[in-house]
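One structure below.
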Amino acid sequence: MRIGVLAVQGAFAEHEQMLRALGAECFEIRQQADLSGPMDGLVLPGGESTVMGKLLRELGLFQPLWEKIESGLPVLATCAGLILLAEKISGEEGRHFGTLPVTVKRNAYGRQLGSFYTVAEMKQIGKVPMHFIRAPYVETVGSGVEVLAEVDGRIVAVRYQNQLGLSFHPEVSGDTSVHRYFLGMCTGVFGQ
């Protein structure tokens, strides 16, 4: 299984370590040429969503990745990655890929000091350690979006067809359950 990890900015290396530990082959996406080979899944990591969106467009990656997501390529999007996928960003006009029918609130828990850790139930997985770092959360979900986890009444994990969007950072916990679930999506074990 070959997973592409967007590596233009943000916390991509930790995702690669997790996926490799589970037996997946990873490659970094930094330029258009990196998209020439086969890909079974895509990771959009945490980082700074505005910077990532700008770089995606400048590097010519935006349109080909949007097309892959739209055509059904499984995607794991964490924190800033969730913002990249969201159809709407609360209080803002613009959007990035817009393939996930949710409204997200950016920096919803405040800045760095608003970061926190908890363990919560995630549907189809069980108890999951969740690290929230300048995290967004999902304010509203559209038709067909399954809410997988909530913390303090706020939606922090969703799935829509091939897209898994998380407010938190599963890659920093040492727990591979979320990445294992994502690889199951890529193989069709946890199908749409």
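What number of residues in the range 20-35 are more than 13 Å from Leu6 (Cα to Cα) and touching a His at 6+ places or on another chain (Cβ under 9 Å)?
Total meeting the criteria: 3.
Give Arg95, Arg57 a once-over and let me know the one that is outside any strand (DSSP E or B), modelled with pLDDT under 95 and either surrounded by 23 or more Cβ atoms within 10 Å (Cβ to Cβ) or of a type in the set (Lys, Arg) (or both).
Arg95
Pairs, please: C-beta under 7 Å, at least 6 apart or cross-chain, first residue on the phi < 0 side of the Ramachandran plot and in the range 26-39, second of a type in the set (Gly, Ala, Ser) and modelled with pLDDT of 95 or more?
Going by the 7 Å Cβ cut-off, the qualifying pairs are Phe27/Gly4; Glu28/Ala7; Ile29/Gly4; Ile29/Ala7; Arg30/Ala7; Gln32/Gly60; Met39/Gly4.
Out of Val128, Val158, Val189, I need the residue that is hydrophobic (A, V, I, L, M, F, W, C) and over 17 Å from Pro74 (Cα atoms). Which one?
Val128
Could you list all residues from the range 66-92 that are of a type outside the set (Gly, Ala, Ser) and either farther than 15 Å from Gly165 by Cβ or surrounded by fewer than 17 Cβ atoms within 10 Å (Cβ to Cβ) (or both)?
Trp66, Glu67, Lys68, Glu70, Glu92
If Cys186 meets every condition in (1) in contact with a Gly (Cβ under 6 Å, 6 or more places away or on another chain); (2) surrounded by fewer than 18 Cβ atoms within 10 Å (Cβ to Cβ) apart from one, which number is that one?
Looking at each condition in turn, Cys186 falls short on (2).
If you go through the range 22-52, how many residues are among the hydrophobic types (A, V, I, L, M, F, W, C) and in a helix (DSSP H, G or I)?
Of the residues in that region, 4 qualify.
Can you confirm whether Gly144 is small (Gly, Ala, Ser), part of a loop (DSSP other than H, G, I, E, B) and in contact with a Phe, Trp or Tyr (Cβ under 7 Å, 6 or more places away or on another chain)?
Judged against the criteria, Gly144 is a match.
Looking only at the range 150-176, which residues are surrounded by fewer than 22 Cβ atoms within 10 Å (Cβ to Cβ), of a type outside the set (Lys, Arg) and touching a strand residue (DSSP E or B) at 6+ places or on another chain (Cβ under 6 Å)?
Val151, Ile155, Tyr160, Val172, Ser173, Asp175
The values are calculated or read from the model by the stated rules, or taken from the named source; none is laboratory data. Note that the structure is a prediction, hence the values are computed from the model and not measured. We place every Cβ from the backbone using ideal geometry, glycine too, and count neighbours over all the protein chains shown.
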